[in-house]
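Contents: one structure, followed by commentary.
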Amino acid sequence: MKVDTFLVEQFMDKYELNVEINIAETCVDPFTLGEFLGLMDYEYFFEEFKSRKLTYGHINGSPELRSGIANLYNKMKADNILLSGGAIGANFLAFYSLVEPGDTVISIFPAYQQLYSTARSFGATVRLWKLKWEEQWVPNLEDLSSLVDKKTKMIVINNPHNPSGYLINNDYLKQICKIAEECDAYLLYDEAYKGLYLNDNDSVTSAVDIYDKAISTGSFSKGLSLTGLRLGWIAASKPIIEECIRHRHYTTISNGMIDDSLAALAMQHVDRIYKRNLNIVRTNFKILNEWIENEPLIDWVPAKAGSVGFLKYNIEMPSEELSLKLIKEKSTFLVPGSCFEMEGFLRIGFGNNTNTLIAGLERFKKFLDAYC
Ligand SMILES: Cc1ncc(COP(=O)(O)O)c(C=O)c1O
């Protein structure tokens, strides 16, 4: 099966662990197990687990975990939730279950490449719904209307958006759902960065609470800081979940029992996790935004949500060359825009440990000073 090289994953795999400072990280400062169990008031978790047999466990995810995730939505119940290996597994399963050769799929762009390359590899024609720097990354609904037609099988969006940090608000989301409904298309709604709002008033409803052919994919990696569990989920109406289960039997059987139990515990006190993590992203956002305001060669559309932003730089150099020079000279890691097929940009993460972000920005500043 032919598939495009996944540029961002390939680049991160090659460099992110070989640098002193990584300021491209997308996950909000992942927990140590000790910190997590302390926050949950459950230090004896592993003592209790000792007597449990390590079986396949519940195939689709334990009832506790599924109902805990369902509580993140207004209209979802436990049987609307299906566990997966990360949001990446959830997205893949949605494409594998619903997209066929000859279908037309519309995907937001730039984007986490899986969102457009997977459907392409399954034989769909993929049209890109391009967000533009000149329009402050605001999705243009007229553009979307001109891309869809009666043959459109699926529209794919990501909210909060990677790499721009843009947040589609409720009004827009409703209009996107309406466009999807008019052509009877599925709406794949990747909300891997769910819950990370930089401003309390900005929270958005999930597409699955608005449109019955929407599929929400979520993650334990980003806003929940449990990246190492490698868990994510699909939330959708029962007929879609059943179709996904039929396909998932060929790829997964079940996720790990220990991971499932830790994730269920996280869902019991999800408010504590979001309190910790909103504090991190909001503090870091301020630091980053101030840094950019004082940096003549860097500009951005300030992120509204999530943990990433797309920096526009004013240096005559391809983004990959710039990233590699930054690694070589300052051992500091940023993802080049070329990984998103967008030149002139660098993706930064602001979910990281605050001291790491500050140290990385200091090094990046010294690097940029040579070009002023
Ligand atoms: C938009 C988006 N979706 C999905 C994923 C996959 O996340 P995970 O599999 O860690 O849940 C990522 C990872 O960077 C992402 O940015």
Note the full-extension length gain between GLU142 and GLU20 as 0.36 nm times their separation in residues minus their Cα-Cα distance, in nm to one decimal. 39.5 nm
Under a Gaussian network model of the chain whose springs join Cα atoms within less than 10 Å, the largest fluctuation of SER146, SER84, SER254 belongs to SER146
Mean ellipticity per residue at 222 nm, deg cm²/dmol - from DSSP H runs of n ≥ 4 across the chain, formula -39500 (n - 2.57): -12000 deg cm²/dmol
Could you check what % of the DSSP bridge pairs in the chain are antiparallel, to the nearest 5? 50
Please list 3J(HN,Hα) in residue order for segment 308-314, calculated via the Karplus relation 6.51 cos²θ - 1.76 cosθ + 1.60 where θ = phi - 60°; whole Hz, with x for glycine and proline. 9, x, 10, 8, 9, 10, 10
Note, segment 87-100: 3J(HN,Hα) by Karplus (6.51, -1.76, 1.60, θ = phi - 60°), whole Hz, Gly/Pro = x, goes 5, 5, x, 5, 4, 4, 4, 5, 5, 4, 7, 10, 9, 10
Take LEU33 and LYS275, extend 7 Å from each Cα along the Cα→Cβ direction, and tell me the distance between the two endpoints in nm. 2.5
Shape call, the chain: gyration tensor on alpha carbons, a/c limit 1.5: oblate
Given the C-alpha centroids of segment 8-83 and segment 127-165, what is the distance between them in whole angstrom? 30
Hey, can you grab everything whose amide H is under 5 Å from the amide H of TYR186? Only 5+ residues off in sequence or another chain; H modelled, so Pro and N-termini drop out. MET154, ILE155
Take LEU128, project a point 7 Å from its Cα along the Cβ direction, then tell me which residues of segment 77-110 have their backbone nitrogen under 20 Å from it. 103-110
As a percent rounded to 5, the proportion of antiparallel DSSP bridges among beta bridges in segment 158-312 is 60
Treating cross-link reach as a plain straight distance, find the lysines whose alpha-carbon is under 20 Å from the alpha-carbon of LYS304, omitting any fewer than eight places away in the same chain. LYS130, LYS132, LYS174, LYS194, LYS222, LYS275, LYS286, LYS312
Protection proxy ranking of 342-349, 241-248 - average other beta-carbon atoms within 10 Å, highest first: 342-349, 241-248
Take peptides 183-192, 204-213 and line them up by average Cβ neighbours within 10 Å, highest first, as a rough protection proxy. 183-192, 204-213
By how many nm would the segment from MET1 to TYR42 grow when fully extended, if each residue of separation counts as 0.36 nm and the alpha-carbon distance is taken off? 10.2 nm
Given H placed on each backbone N at 1.01 Å, which residues far from ILE23 in sequence or on other chains put an amide H within less than 5 Å of it? PHE333
DSSP-defined beta bridges in segment 53-269 - what % are antiparallel, rounded to 5: 30
Given Cα pairs under 8 Å that are at least 6 residues apart, what percent is the relative contact order of the chain? 25
For LYS53 and GLU290, what is the calculated FRET efficiency with R₀ set at 51 Å and r taken between the beta-carbons, to the nearest 0.05? 0.45
Which lysines, on any chain, are close to LYS14 with Cα under 20 Å apart, when same-chain ones fewer than 8 places away are left out? LYS325, LYS328, LYS330
Please list the non-local residues whose amide H lies under 5 Å from the amide H of TYR197, H modeled 1.01 Å from N, same-chain partners needing a gap of 5 or more. GLY306
Of the candidates LEU82, LEU361, LEU33, which one comes out as most mobile in a Gaussian network treatment of the chain with C-alpha springs shorter than 10 Å? LEU33
Could you calculate the contour length gain from TYR250 to LYS150, that is, 0.36 nm times the residue separation minus the distance between their Cα atoms, to one decimal place in nm? 32.9 nm
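Bear in mind these aren't lab numbers, they're just calculated from the coordinates by the rules spelled out. These numbers were taken from a predicted model, which means no experiment stands behind them. Note that we place each Cβ from the backbone using ideal geometry, even for glycine, and neighbour counts take in every protein chain shown.
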